[in-house]
Amino acid sequence: MWSGRRGLLRPSGCGVEELRCRRREREAALRKARREQQLVSKRLLRDEATEEAEGGCVVVILGEAEIQEFLRLAQRGIEEKERERALVSLRRGLQHPETQQTFIRLEGSIRTLVGLLTSNQALLQLEAARCLHELSHSEQSAVAEACLPATSYLLTYLSGHSSDFIELCLYTLGNLIVESEAVRRQLLPQGIVPALAACIQSPHLTVLEALGYALSQLLQAKEAPEKIIPSVLGSTLPQHILQLLQPGPKLNLGVAVEFAWCLHYIICSQVNNALLITQGALTTLGLLLLDLAAAVQRTEDAGLELLVCPVVRCLSNLLTEAAAETVGGPVHLQDERVVAALFIHLQFFLQKQPSLLPEGLWLLNNLTANSPSFCTSLISLDLIEPLLHLLSVSNVVSVLVLTVLCNVAEKGPAYCQHLWPGLLLPTLLDTLALSDTEVVGQSLELLQLLFLYQPGVGFWP
């Protein structure tokens, strides 16, 4: 990720070109890992107060006869309360995997449940939806596929008036999407993308968070780059996602986390990142990074890193796009403020979440790779020494720190002149004694650059 200075370095033996090739391969592997790392999971929406009112959390395994009886009562019970109680008992039984398997084997069971889902009695409809939600949480794909007849109705109800019911439908759809490609194949022609695009305008935060979950599961499907993400990009969803990530008093952490991951999966697909950049993604994410840095300094809230991580990843990947340069993306990020904010996050990661340090350093690498102004910011803000202190954290962190310093040194003699004073040289000599070949290789590359641009500098005064 360096600008072209290949012809300047021609040492014999293990040349700098070989070191650079290894560095490019390492960066490609890191980027690929970040793209492939997914957060596929399922969500279970249960009302704890209702569970307690129903007599605790003891789950009873139901046999065929019991399931059939509960379905019969739910359909033909004399009183509505009796019908509702039958569905509640069925729902609690469906919390057990064995009951789920028995249920889907029974002929007509799903058809009956779907019939109750479409009834004109709100309480029965809600309990039927809760039964489907329990089924959607199964780890067996056969259970998810058995719910196929319900998907069109779940989509239809997204345009309803009850925010609680919409939330339940969204989490159920999200769970089904995770488990089965057959479900996804059916949902696409049924119009899940337009339905989500309409639903994202809801004023209810619980609905928006559930929608973010469902969309994130859809975007992680293996067929998403070819069959799903183009439709998403062609809808109003990206603009609404960016609006929900705008910093300010209306920003909700739970909603923002879900949609930041959605944006991350879209960006990692590389379907049309230029479109996102022209829609202002770089500016929005940069401002959010600044806002989060201020929040980190104000509060000890342990949940902030849940948002910082996908925001940093989004920025890192967008900065690798050629389109970021053509629209002046790095300039719009306001160099010194972004670098200062990123170092606040690095200190936060070091204290609270050391495993996230590589994420922040990866962004710093992409910021400095082709931007002299960001390298200047590192120097003018006296951040070289804090960077060097991170070398002791781990080998992975050390390689990324040294890579950033290579980006700075590569910019020429004036930059190397600022790197020499202080701890750099003794610290680099210490790294040469380490056993990790990547750390040693990156240290050698940095030393070669420093001596190339400052040939008069020696090891002794």
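The values are calculated or read from the model by the stated rules, or taken from the named source; none is laboratory data. This structure is a prediction, so every number in the text was calculated from the model and none was measured. So basically every Cβ, Gly included, is an ideal-geometry build from the backbone, and we count neighbours across all protein chains shown. Quick note on the areas: whole protein, heavy atoms, side chains included, nothing else; ligands and nucleic acids left out. Shrake-Rupley method; radii C 1.70, N 1.55, O 1.52, S 1.80 Å.
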- Task: Could you please find all residues in region 166-192 being modelled with pLDDT under 95 and hydroxyl-bearing (Ser, Thr, Tyr)?
- Result: Ser180
- Item | Number of positions in region 243-269 that are touching a Ser or Thr at 6+ places or on another chain (Cβ under 7 Å) and not in a helix (DSSP H, G or I) | 2
- Note on the structure: Here the qualifying pairs (Cβ atoms under 7 Å; residues six or more apart or on different chains; first in region 134-146 and more than 12 Å from Gln95 (Cα to Cα); second of a type in the set (D, E, K, R)) come out as Ser141/Glu179; Ala144/Glu179
- Query: Can His264 be described as surrounded by fewer than 16 Cβ atoms within 10 Å (Cβ to Cβ) and in contact (Cβ under 8 Å) with a residue 24 or more places away in the chain?
  - Reply: no
- Identify, please: which residue in region 353-395 is of a type in the set (Asp, Glu) and within 12 Å of Phe343 (Cβ to Cβ) and is, among those, most open to solvent (accessible area, probe 1.4 Å)? Asp382
- Taking region 273-292 and keeping residues part of a helix (DSSP H, G or I), touching a Leu at 6+ places or on another chain (Cβ under 8 Å) and small (Gly, Ala, Ser) leaves Ala281, Gly286
- Query: If you go through region 209-227, how many residues are part of a loop (DSSP other than H, G, I, E, B) and closer than 17 Å to Asn175 by Cβ?
  - Reply: 2
- Message: Every residue in region 46-93 that is under 20 Å from Leu168 (Cβ atoms), part of a loop (DSSP other than H, G, I, E, B) and at pLDDT below 70, please.
- Response: Asp47, Glu54, Cys57
- Can you name the helices (runs of 4 or more DSSP H) wholly within region 99-208 that have at least 2 residues being within 23 Å of the chain's Cα centre (by Cα)? 163-179, 181-190, 192-199
- Message: I'm trying to understand the selection: among the residues of region 396-430, which are β-branched (Val, Ile, Thr), over 15 Å from Ala369 (Cβ atoms) and open to solvent by less than 10 Å² (accessible area, probe 1.4 Å)?
- Response: Val397
